[in-house]
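Read through the structure below, which is laid out as structure tokens, and then see the notes.
The values are calculated or read from the model by the stated rules, or taken from the named source; none is laboratory data. As the structure is a computational prediction, the values presented were derived from the model and not from experiment. Counting neighbours? That spans all protein chains shown, and the Cβs are built from the backbone with ideal geometry, glycine included.
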């Protein structure tokens, strides 16, 4: 009896690999329930306060929209959620691309959930200059955390905002707090310009570093170092462990050269291996100690008030800028002045003066 030969043709179809169960069934139920109702402000606010992540996502989409009708809705949503906000710990996380921010956030987020926290992760992805869309896709890089019922991950394209801080991140924090998340993690693009904006909306600023990246020898980027409440050297595993310990000592020495912080907190340098879940618990312990210090000496409340003043000024500047460019007279004159610049008939300063003096 001849054996049946296996079909080795390249076009031969094989049984497919079954897809993993990555969808959260509770979120699917919320989505089906919400789809049955018209998306009014009342429905969305009610959903957010009822801890519905689907309603939260849809409310954030409206907040991020530039459409006029959505801006009116966004204003009302924020006003109604604000009394239920300001009850979280806000942690900013930054570091250069490749330092392992997403892996760290996933490991850190899982630990926080294990100790009973609800975690919202707001990641600001670099925008594609062509499509204007998000190009890194943080949800796909946090496969385990995204399955957790007590985790919420919201990637936003950075657009053209300074250093990649999404325009509406501040308002998104308010919605996440109203939805019951008690730890908000905000990840920056990590290109060196967005840190000031993230620092202005968070309570604790965490700087991720790599050993042997040259930072120990080049002044260690003074501005970012001064803002950091803790430095964490990631990828401290395997052959890199020795270099990580040496880097830790260098950073600790550098930190002593900076003036004391208003908070009365002395920044700490820690080691971790996010991919191996090592050193993560110690980082949460340091963050917790910081909050005890800041709340006991009143700095926590003081910083929150200062942040509100900063965002008042930022909102005024943003509003003035958008209204200026929306002015029909400015639109016409701007084209004239741009053409004059191209033909060397004016200077940028003269052109700006004419535009700013328009009624």
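Table for the structure above
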| read-out | value |
| --- | --- |
| Residues being farther than 22 Å from residue 223 by Cα and buried (at least 18 other Cβ atoms within 10 Å of the Cβ) - total across region 245-282 | 5 |
| Unmet criterion (only one of (1) free of Cβ contacts under 8 Å to residues at least 60 places away in the same chain; (2) farther than 17 Å from residue 91 by Cβ) for residue 292 | (2) |
| Any helices (runs of 4 or more DSSP H) falling wholly within region 255-344 and containing at least 1 residues that are under 30 Å from residue 358 (Cβ atoms), more than 24 Å from the chain's Cα centre (by Cα) and not assigned by TED's automatic domain parsing to the domain that holds residue 111 | 299-326, 328-342 |
